[in-house]
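Presented below is the structure to which this report refers.
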Amino acid sequence: MKSQFPDAMLARMQACGVVAVIVIDEPQHAVPLAQALLAGGIQAIELTLRTPAALDAIAAIATEVPDVLVGAGTVLTTDQVDAVIDAGAAFAVAPGLNRRVVERSQARGLPFAPGIVTPSDIELAVELGCRELKFFPAEPSGGMRYLNSMAAPYAHLGLQFIPLGGLDAKNMASYLSSPLVPAIGGSWIAPRKLIQQKAWAEITENATEASRIVAATQNKEIA
Ligand SMILES: O=C(O)C(=O)C[C@H](O)[C@H](O)COP(=O)(O)O
């Protein structure tokens, strides 16, 4: 299963529990942004390919902030798979499942988590050799109640679901307490506006709050 995330990478994501989804307009914002997230305990970023600045931003974080695991989001084409590898992305994800994109990632050895939201999506992802699946859009689809029901027939396959879409500080704990979920993600920690305003302190505050919720959930599981 070549699309799988290496165990060490998954463990790193699981330890911090939250992946910050980023839309960035200026490449020079990338390093201070990654440092602001790191200061709040967030060590994983999904940097979306929705702006021309995205690839340079990935490259800057990958070289200058190595304590942050930077992956690419919104990877929709095979050319983008090649481009994010060149930029230094550690992993890639997409909102949906495109067979050619998954296969190119596999051929290039890039861990890839496709977006899934139906049992049929899951079955295609499994056939392609994926283990980490992005549950998107999680909240509008029915949250954990929906995911528990959808994932039940596949429990023996050891799939991991990373929910994104409509998550925030209020609802993230409901996901993190599930053994199906190694980490969650969302854009609420570092919204595009705050990045444009270089509101690094506010982003660190959001990250700290999210990290606190992760720690509280993990402590409850241990207790
Ligand atoms: O672009 C991708 O690869 C995606 O899968 C979509 C993002 O993960 C969501 O846009 C995050 O959702 P929000 O936190 O509700 O903003």
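Derivation of every value follows stated rules applied to the coordinates shown; laboratory data play no part. Only a predicted model underlies this, so the values are computations on that prediction, with no experimental measurement involved. Neighbour counts are summed over all protein chains in view; Cβ atoms, including those assigned to glycine, are modelled from backbone coordinates with ideal geometry.
Residues in region 168-176 carry Karplus couplings, in order, of 7, 4, 6, 10, 5, 5, 4, 8, 5 Hz; the curve used is 6.51 cos²θ - 1.76 cosθ + 1.60 with θ = phi - 60°, and Gly or Pro positions show x.
Taking the chain as a Gaussian network of alpha-carbon nodes connected by springs under 10 Å, the highest mean-square fluctuation of the residues A92, A34, A155 belongs to A155.
Close amide H partners of A44, meaning residues 5 or more places away or on another chain with modelled amide H under 5 Å apart, are A20, L69. Dividing the radius of gyration of the alpha carbons in the chain by their Kirkwood radius gives 0.94 for Rg/Rh. Considering only G129, G142, G71, the mean-square fluctuation computed in a Gaussian network model of the chain, springs between alpha carbons under 10 angstrom, is largest for G142. Amide H contacts under 5 Å for I116: K134, F135, F136, restricted to partners 5 or more places along the chain or on a different chain, H placed in the peptide plane at 1.01 Å from N.
Entry note, the chain: relative contact order of 25 percent, from Cα contacts under 8 Å with a spacing of 6+ residues.
Sequence-ordered 3J(HN,Hα) estimates for region 29-39 from the Karplus curve with 6.51, -1.76 and 1.60 and θ = phi - 60° stand at 7, 4, 5, x, 5, 4, 5, 5, 5, 4, 4 Hz, glycine and proline given as x. Computed from backbone phi, the HN-Hα couplings of region 7-22 come to 4, 5, 5, 5, 5, 5, 5, 5, 5, 8, x, 9, 10, 7, 8, 10 Hz, rounded to whole numbers (Karplus: 6.51 cos²θ - 1.76 cosθ + 1.60, θ = phi - 60°; Gly and Pro given as x).
With a Cα cut-off of under 23 Å and a minimum spacing of 8 residues unless on different chains, the lysine pairs in the chain number 4. Structure remark: mean-square fluctuation, Gaussian network model of the chain, C-alpha springs under 10 Å; the largest value among Q197, Q43, Q160 belongs to Q197. Modelled spin-label separation between T208 and D168, with each label point placed 7 Å from Cα along the Cα-to-Cβ direction: 2.1 nm. A cut-off of 5 Å between modelled amide H atoms, ignoring neighbours fewer than 5 places along the same chain, links A72 with L47, A90, F91, A92, V93.
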